[in-house]
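Below is one structure; the comments refer to it alone.
Since every read-out is calculated from the coordinates, none of them should be taken as a lab result. The structure displayed is predicted, hence computed values, not measured ones. Positions of Cβ are generated from backbone atoms using ideal geometry, with glycine treated the same way; all protein chains shown enter the neighbour counts.
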Amino acid sequence: MTVDPDRARLDAALRRLGHPFELFPCDPALADTAQFCAAYGFEPGDSANTIVVVGKAEPRVYAACIVLATHRLDVNRTVRDRLGTRKASFAAADETRMLTGMEIGGVTPFGLPAELPVWIDAAVMARPRIVLGGGTRSWKVIASPQILLAMPQVEVVEGLAGRPPD
């Protein structure tokens, strides 16, 4: 039997939180939200993306934001103001990888560096369940959003994201 070290690491991090969860394997080519939901029958409103943001200052400041796939992160106001910088943006793929050790499409809030704040849009907490990245493009985590509150450095933020205009 082959042991998947990524799955084992994710499983250990989640068990420490003391909340029920399910690990869901996925084809890495289908890890991006729209493809994942279409291929595996999940609603985009249940998909919560973990997005690393950067404040354009010296030194650079970072945070991880968790928002529903149906919402748009408010980088130009809420994120920028919370980071305390004049400008903010999404971290580039290489910057995200350097900071988290994870690829875009697989970033998970479980196992992020301890000094990285995690901000959760309040709409995420209203869902009965969420699907999150699993640290690699091969795994997803399905759980109640309450599991997020068991992590350190977490804050629920009203208005962190909003529904995009139609």
Next on the checklist: Assuming 0.36 nm per residue, please report the length gained on full extension of the stretch Leu23 to Glu43 beyond their Cα-Cα distance.
Outcome noted: 5.5 nm
Checklist entry - Which Rg and Dmax, in Å, describe the Cα atoms of region 49-144? => result 12.9, 40
Checklist outcome for this item: D (µm²/s, integer) via Stokes-Einstein for region 4-81, Kirkwood Rh across alpha-carbon pairs, 20 °C, 1.002 mPa s: value 142 µm²/s
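Tell me what the chain gives for mean residue ellipticity at 222 nm when only DSSP H runs of n ≥ 4 count, each as -39,500 (n - 2.57), the sum divided by the residue total, rounded to 500 deg cm²/dmol. Walk me through the intermediate numbers first.
Working: 5 runs with 35 residues, N = 166.
Taken over the chain, the calculation gives -5500 deg cm²/dmol.
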Next on the checklist: Taking R0 as 22 Å, what FRET efficiency do you get between Val3 and Arg97 from their Cβ-Cβ distance, rounded to the nearest 0.05?
Outcome noted: 0.40
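When all alpha-carbon pairs of region 124-166 are counted, what percent fall beyond 13 Å?
65 percent
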Next on the checklist: Return the equivalent ellipsoid semi-axes of the chain as a descending list in whole Å, where each equals the square root of 5 times an eigenvalue of the C-alpha gyration tensor.
Outcome noted: 24, 18, 16
Item to check | Karplus (6.51, -1.76, 1.60) ³J(HN,Hα), θ = phi - 60°, over region 126-137, in Hz, Gly and Pro reported as x | outcome: 7, 7, x, 8, 9, 10, 10, x, x, x, 9, 6
Checklist entry - Any idea which of Gly105, Leu116, Thr85 is furthest toward the positive side of the dipole for region 52-116, if Lys and Arg beta-carbons carry +1 and Asp and Glu beta-carbons -1? => result Thr85
Next on the checklist: Compute, for region 10-83, the length of the dipole vector about the Cα centre, with Cβ point charges of +1 (Lys, Arg) and -1 (Asp, Glu) only. Units Debye, rounded to 20.
Outcome noted: 460 debye
